[in-house]
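Novice: Before I ask anything, let me first share the structure, which is written out below as structure tokens.
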Amino acid sequence: MPVRKILIVDDSATNRHFLTEMLKRHGYQCSVAATGKEAIEKAKSDKPDLIIMDVVMPDMDGYQATRTITRDEETKNIPVILCTSKSQETDKLWGLRQGAKSYVLKPVDEKDLLSKITAAG
């Protein structure tokens, strides 16, 4: 199923805006969440085709939110791409073990992100 609706999760308003504008230019519909808890709620209510998830957030980190989303019957089929500045191989492996389909480093390379969105869909 092609990806059309993307939920962008990041505690930084600047990052949410940057990703939203980039993805809208490519025809995606975007919604946003500022926290891991809000991401879980929006995953259930909005049913996005894909989630782009930051890792470092105040209330619940992206690893916890990804684990919750990918293990819940209602949301487990929504692919999650982690989008973070955490660049260690162990960070990436841990993210994938939590259920993420892919991992993108900040600053985001537009072509890299778009190819991972296509691959996840």
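The values are calculated or read from the model by the stated rules, or taken from the named source; none is laboratory data. Bear in mind that the values here come from a model prediction, so they are computed numbers and not experimental data. Backbone-built Cβ (ideal geometry, glycine too); neighbour counts: all protein chains shown.
Novice: Identify all residues within the stretch 1-18 that are basic (Lys, Arg) and either within 14 Å of Asp54 (Cα to Cα) or loosely packed, with under 12 Cβ neighbours inside 10 Å (or both); write none if there are none.
Specialist: Arg16
Novice: Which of the residues belonging to the stretch 45-84 are acidic (Asp, Glu) and at pLDDT below 95?
Specialist: Asp59 - this is the single residue of the stretch 45-84 that is acidic (Asp, Glu) and at pLDDT below 95.
Novice: Among the residues of the stretch 1-21, how many are among the acidic types (Asp, Glu) and either assigned to a strand (DSSP E or B) or over 19 Å from Met60 (Cβ atoms) (or both)?
Specialist: So the first thing to find is which residues in the stretch 1-21 are among the acidic types (Asp, Glu), and the list is 10-11, 21.
Those left that are additionally either assigned to a strand (DSSP E or B) or over 19 Å from Met60 (Cβ atoms) (or both): 21.
The qualifying residues number 1.
Novice: Among what's in the stretch 79-121 and is among the polar types (S, T, N, Q) and not in a helix (DSSP H, G or I), pick the residue that is surrounded by the fewest Cβ atoms within 10 Å (Cβ to Cβ).
Specialist: Gln88
Novice: Of everything in the stretch 19-78 that's touching a Cys at 6+ places or on another chain (Cβ under 6 Å) and β-branched (Val, Ile, Thr), which residue is surrounded by the most Cβ atoms within 10 Å (Cβ to Cβ)?
Specialist: Ranking the qualifying residues of the stretch 19-78, first place goes to Ile52.
Novice: Here's another thing I want to ask about it. Quick check on my filter: what residues within the stretch 28-77 are of a type in the set (Gly, Ala, Ser), touching a Lys or Arg at 6+ places or on another chain (Cβ under 8 Å) and either under 16 Å from Ser102 (Cα atoms) or in a loop (DSSP other than H, G, I, E, B) (or both)? Break it down into steps so the answer makes sense when it comes.
Specialist: So the first thing to find is which residues in the stretch 28-77 are of a type in the set (Gly, Ala, Ser), and the list is 31, 33-34, 36, 39, 43, 45, 62, 65.
Narrowing further to those that are touching a Lys or Arg at 6+ places or on another chain (Cβ under 8 Å): 31, 33-34, 65.
Ala34, Ala65, listed by residue number.
Novice: State which residue is nearest to the chain's Cα centre (by Cα) when the search covers only the stretch 85-121 and only residues that are at pLDDT below 95 and under 13 Å from Ile51 (Cβ atoms).
Specialist: The selected residue is Ala120.
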